[in-house]
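For reference, the structure is listed below as structure tokens.
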Amino acid sequence: MIRKRTVALLRNAFAWLLSLFMFVPLLLIVVNSLKDRVHANAMSMRLPNKPEWSNYSVVIKEGKLVGSFFNSLFYAGLSTALGLLLAAIAAYVFARNRTRLNRAMYLFVILGIAMPINFVTTTKVMQMTHLMNTRLGIIVLLAVVSVPFGVFLIHGFVGSVPRELDEAGIVDGCSPLKLFYSVVLPLLAPVLVTVAILNFMGGWNDFVLPLYYLNSSDKWPMTLAVYNFFGRFQVNWNLVSADIVLTTLPVIVIYLLGQKYIISGMTSGSVKG
Amino acid sequence: MLRNKTYPYYFTWPTLLLYAVFFVVPGLIGFYYALTDWNSYSDEIRFIGLDNFRTLFSSGENYMGYIFNTLKFTVATVVLKTVFGLLFALALNEGIRLKGFHRVMIFMPSIIPMLVVGLIFKSVLNPATGLLNESLRAVGLDFLAQKWLVDAHWAFKSIIGVDTWKGVGYIMIILLAGLQSISRTYYEAAEIDGAGAWHKLRAVTLPLLAPALVVTTVLNLLYGLKVFEAVYVLTNGGPGYATDVLYTAIFKEFSLGRYGVGTALSSLLFLVMTVAGYFVVRLMAREEAEA
């Protein structure tokens, strides 16, 4: 009995230790974002004497954060919508009409989960489609990159929507498109939310696509802006920290609100009960 | 066929078209451009045969080192994330209060942009003022304090460490879900047979966890071969070229305007990963059909 309780105590202590280990580096940034320059350069966990909220206003102005915030929102939001739509309709047809061709196309699309992007030749395609250094270009690429995993997740879910509903819809005289968006799509809501959150976070966190394909700084998203800011203000860790906090805050908020969907999405397809 | 009318093929065309044009076509035309001298200095693109690949494999260049680094990173992160992920999952599987809270905390680094994690650890690993060395000195372990990202001996290990810190929570969550799906009855049966903790782990847990372990390994493998941001932000390949991996080398070729060589490197990766991906995808599709 005592042994059991010691084990339980140790387990809980370990859990706290682990949580702390994951959280301390993040806390470090928050703490230092509120210090003045001299104290922040030591980058210690010591709490600031008096919180310097002005760091945030400086960063927002110097780092052009308002513009890049809306860029990020625009890229992540629109690419999520486009990617979701593309993935949902394809996954729906692949799952419902199981011909050899659709099966092959399904495998072809989810092969993208493993396929690496050839960034160099993608420039060629971007030039040919006149999307180089454009906002639309980034949105299209982000959406396309999200399609394989989206198709995979949604395809698995469509199977659980009873086909009888489709038949009822047809009897009621639905066109194929109407059947999809007014009968099936609402029933896919749980998986669509999961895919949407994953896509949005992927779009928000992405750094590589804009690094390759956006030269003008007024089109930069938060990630690229913060990297650039770091290059200019390396010695001002208080400002860099504040910039990091502002970049990360939206993702953390989405994560805390939607963690149920995120965790189920990121682990689904991997564990079958 | 009624089915082709209700679920028409043309519904999938926009998806297939965009996916093909922006994802697959760049991969495929890479095999042609890898055989050319395509660069940013001239508009003319000439066919030069296997010269780019000769450059990649010549002993005077560092490219083999980058490939080797990529493999080293991949193997190291697969092993570390799996071992620690499994260890953490086993420890947290039962008897934990505030389980939801701990899960949220441990998963947190996985959702933060790698770029941000990189910047944070540039500070934490700073040799003079970083939190890690400061803490080591505070508890009297000065000899363990290293020039983490600066010293060629430690830089790559540090990158692997940071990446493991970020990724281990994700792996743990998958394995935890796998552990929870194992029925208690197996353990009860094993206990009746007189199995100890070690025996139960080997005879019950690990075999039943195998499918989840396969998935985490595949995920880590695919991620490891494609690693870019972790290296780019933490060291940008330095000191010298000691920590460059495939994708950072490709970016450098791209920045220098040497598109031909960059494409050749990309195409190598594309070939290997697409072939490997074919088997992965077959596996994923099969599991789904069974479920």
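Please determine whether any residue of the range B:192-209 is aromatic (Phe, Trp, Tyr) and touching a helix residue (DSSP H, G or I) at 6+ places or on another chain (Cβ under 7 Å).
Narrowing the range B:192-209 to residues aromatic (Phe, Trp, Tyr): B:198.
Filter again for touching a helix residue (DSSP H, G or I) at 6+ places or on another chain (Cβ under 7 Å), leaving none.
Looking for residues that are aromatic (Phe, Trp, Tyr) and touching a helix residue (DSSP H, G or I) at 6+ places or on another chain (Cβ under 7 Å), one finds none in the range B:192-209, hence no.
In the range A:188-200, what residues are closer than 20 Å to A:Ser160 by Cβ, more than 11 Å from every other protein chain (Cβ to nearest Cβ) and in a helix (DSSP H, G or I)? Write out each step before concluding.
Of the range A:188-200, the ones closer than 20 Å to A:Ser160 by Cβ are A:188-198.
Next, only the ones that are more than 11 Å from every other protein chain (Cβ to nearest Cβ) stay: A:188-196.
Once the filter is applied, which keeps residues that are closer than 20 Å to A:Ser160 by Cβ, more than 11 Å from every other protein chain (Cβ to nearest Cβ) and in a helix (DSSP H, G or I), the range A:188-200 yields A:Ala189, A:Pro190, A:Val191, A:Leu192, A:Val193, A:Thr194, A:Val195, A:Ala196.
Across the range B:68-88, what is the total count of residues that are under 19 Å from A:Ile263 (Cα atoms), away from every other protein chain (no Cβ under 11 Å), more than 11 Å from the chain's Cα centre (by Cα) and not β-branched (Val, Ile, Thr)?
2
Considering the range A:201-228 alone, what residues qualify as being facing chain B (nearest Cβ under 10 Å) and under 30 Å from A:Val38 (Cβ atoms)?
Correct list: A:Met222, A:Thr223, A:Leu224, A:Val226, A:Tyr227.
With the condition kept exactly as written, say whether any residue in the range B:180-194 is assigned to a helix (DSSP H, G or I) and under 18 Å from B:Val78 (Cα atoms).
Of the residues in the range B:180-194, the ones assigned to a helix (DSSP H, G or I) are B:180, B:184-192.
Cutting the leftovers down to under 18 Å from B:Val78 (Cα atoms) gives us none.
No: the range B:180-194 contains no residue that is assigned to a helix (DSSP H, G or I) and under 18 Å from B:Val78 (Cα atoms).
Would you point out which residue out of A:Asn49, A:Asn41, A:Asn55 is farther than 23 Å from A:Ile139 by Cβ and within 12 Å of another protein chain (Cβ to nearest Cβ)? Walk me through it before giving the result.
Numbers: A:Asn49 fails: within 12 Å of another protein chain (Cβ to nearest Cβ); A:Asn55 fails: within 12 Å of another protein chain (Cβ to nearest Cβ).
Selected residue: A:Asn41, the only one of A:Asn49, A:Asn41, A:Asn55 that is farther than 23 Å from A:Ile139 by Cβ and within 12 Å of another protein chain (Cβ to nearest Cβ).
How do the helices (runs of 4 or more DSSP H) wholly within the range B:1-41 filter down when requiring 1 or more residues that are among the basic types (Lys, Arg) and at pLDDT below 95: which remain? Let's see the steps before the verdict.
Details: elements: B:2-6, B:13-19, B:25-33.
Once the helices (runs of 4 or more DSSP H) in the range B:1-41 are filtered for at least 1 residues that are among the basic types (Lys, Arg) and at pLDDT below 95, what remains is B:2-6.
Quick check: anything in the range A:157-173 free of Cβ contacts under 8 Å to residues at least 24 places away in the same chain, surrounded by 14 or more Cβ atoms within 10 Å (Cβ to Cβ) and of a type outside the set (D, E, K, R)?
Here is the first cut: in the range A:157-173, the ones free of Cβ contacts under 8 Å to residues at least 24 places away in the same chain are A:160, A:162, A:164-165, A:167-173.
Right, trim to surrounded by 14 or more Cβ atoms within 10 Å (Cβ to Cβ) and you get A:169-170.
Keeping just the survivors that are of a type outside the set (D, E, K, R) gives A:169-170.
Yes, some residue in the range A:157-173 is free of Cβ contacts under 8 Å to residues at least 24 places away in the same chain, surrounded by 14 or more Cβ atoms within 10 Å (Cβ to Cβ) and of a type outside the set (D, E, K, R).
Against the definition (at pLDDT 90 or above and of a type in the set (S, T, N, Q)), how does A:Thr99 come out, yes or no? Write out each step before concluding.
On the way: at pLDDT 90 or above: yes; of a type in the set (S, T, N, Q): yes.
For A:Thr99, the condition - at pLDDT 90 or above and of a type in the set (S, T, N, Q) - is met.
Restricting attention to the range A:105-146, which residues are in a helix (DSSP H, G or I), under 22 Å from B:Ser267 (Cβ atoms) and in contact with a Ser or Thr (Cβ under 8 Å, 6 or more places away or on another chain)?
Answer for the range A:105-146, where residues must be in a helix (DSSP H, G or I), under 22 Å from B:Ser267 (Cβ atoms) and in contact with a Ser or Thr (Cβ under 8 Å, 6 or more places away or on another chain): A:Val109, A:Leu111, A:Phe119, A:Val120, A:Thr121, A:Leu141.
So which residues in the range B:134-163 are surrounded by fewer than 20 Cβ atoms within 10 Å (Cβ to Cβ), assigned to a helix (DSSP H, G or I) and polar (S, T, N, Q), if there are any at all?
Selection gives B:Ser135 alone.
Which condition from (1) at pLDDT 90 or above; (2) touching a helix residue (DSSP H, G or I) at 6+ places or on another chain (Cβ under 9 Å) is the one that A:Phe70 breaks?
(2)
Would you please name the residue that is farthest from the chain's Cα centre (by Cα), looking only at residues in the range A:32-58 that are buried (at least 20 other Cβ atoms within 10 Å of the Cβ) and outside any loop (DSSP other than H, G, I, E, B)? Write out each step before concluding.
Residues of the range A:32-58 that are buried (at least 20 other Cβ atoms within 10 Å of the Cβ), as a first pass: A:32-35, A:40, A:43, A:55.
Subset that is outside any loop (DSSP other than H, G, I, E, B): A:32, A:40, A:55.
Working: A:Asn32: 26, A:Ala40: 30, A:Asn55: 27 Å.
Out of the qualifying residues, it is A:Ala40.
Residues that are in contact (Cβ under 8 Å) with a residue 24 or more places away in the chain, in a loop (DSSP other than H, G, I, E, B) and more than 13 Å from every other protein chain (Cβ to nearest Cβ): does the range A:68-79 have at least one?
No, the range A:68-79 contains no residue that is in contact (Cβ under 8 Å) with a residue 24 or more places away in the chain, in a loop (DSSP other than H, G, I, E, B) and more than 13 Å from every other protein chain (Cβ to nearest Cβ).
When the range B:90-120 is examined, which residues are found to be under 21 Å from the mean Cα position of the chain (by Cα) and not in a helix (DSSP H, G or I)?
Of everything in the range B:90-120, those that are under 21 Å from the mean Cα position of the chain (by Cα) and not in a helix (DSSP H, G or I) turn out to be B:Ile112, B:Pro113.
Within the range B:236-246, track down each residue that is surrounded by fewer than 24 Cβ atoms within 10 Å (Cβ to Cβ) and either assigned to a helix (DSSP H, G or I) or not hydrophobic (A, V, I, L, M, F, W, C) (or both).
Just the residues of the range B:236-246 that are surrounded by fewer than 24 Cβ atoms within 10 Å (Cβ to Cβ), to begin with: B:236-242.
B:Asn236, B:Gly237, B:Gly238, B:Pro239, B:Gly240, B:Tyr241 - these are the residues of the range B:236-246 that are surrounded by fewer than 24 Cβ atoms within 10 Å (Cβ to Cβ) and either assigned to a helix (DSSP H, G or I) or not hydrophobic (A, V, I, L, M, F, W, C) (or both).
Does A:Leu185 satisfy the criteria of being more than 8 Å from chain B (Cβ to nearest Cβ), of a type in the set (A, V, I, L, M, F, W, C), crowded, with 19+ Cβ neighbours inside 10 Å and within 22 Å of A:Gly150 (Cβ to Cβ)?
No.
Does at least one position in the range B:125-136 carry a residue that is at the interface with chain A (Cβ under 8 Å from one of its Cβ atoms), among the aliphatic types (A, V, I, L, M) and over 24 Å from B:Leu175 (Cα atoms)? It would help to see each step written out before you state the result.
Here is the first cut: in the range B:125-136, the ones at the interface with chain A (Cβ under 8 Å from one of its Cβ atoms) are B:126, B:129-131, B:134.
Applying the additional criterion that residues be among the aliphatic types (A, V, I, L, M) yields B:131.
With the extra rule that they be over 24 Å from B:Leu175 (Cα atoms), the set shrinks to B:131.
The answer is yes, given that some residue of the range B:125-136 is at the interface with chain A (Cβ under 8 Å from one of its Cβ atoms), among the aliphatic types (A, V, I, L, M) and over 24 Å from B:Leu175 (Cα atoms).
Please go through the range B:259-283 and give me each residue that is under 13 Å from A:Phe108 (Cα atoms) and either touching a Gly at 6+ places or on another chain (Cβ under 7 Å) or in contact (Cβ under 8 Å) with a residue 60 or more places away in the chain (or both), ordered by number. Spell out how you get there, then give the answer.
We begin by selecting, within the range B:259-283, every residue under 13 Å from A:Phe108 (Cα atoms); these are B:274-275, B:277-282.
Scanning the range B:259-283 gives B:Thr274, B:Val280.
If you scan the range A:80-126, which residues turn out to be among the aromatic types (Phe, Trp, Tyr) and in contact (Cβ under 8 Å) with a residue 40 or more places away in the chain? Don't jump to the end; show me each part of the working.
First pass over the range A:80-126, keeping only residues among the aromatic types (Phe, Trp, Tyr): A:92, A:94, A:106, A:108, A:119.
Once the filter is applied, which keeps residues that are among the aromatic types (Phe, Trp, Tyr) and in contact (Cβ under 8 Å) with a residue 40 or more places away in the chain, the range A:80-126 yields A:Tyr92, A:Phe94, A:Tyr106, A:Phe119.
Give the residue that is farthest from the other protein chains (Cβ to nearest Cβ), with candidates limited to residues of the range B:89-124 that are of a type in the set (Gly, Ala, Ser) and in contact (Cβ under 8 Å) with a residue 12 or more places away in the chain.
Residue satisfying both the conditions and the ranking: B:Ala89.
Farther than 20 Å from B:Phe53 by Cα and facing chain A (nearest Cβ under 9 Å): does that describe B:Met273?
Working: farther than 20 Å from B:Phe53 by Cα: no; facing chain A (nearest Cβ under 9 Å): yes.
The answer is no for B:Met273.
The values are calculated or read from the model by the stated rules, or taken from the named source; none is laboratory data. Being a predicted model, the structure only gives us computed values, none of them experimental. Virtual Cβ from ideal backbone geometry, glycine too; neighbours counted across all protein chains shown.
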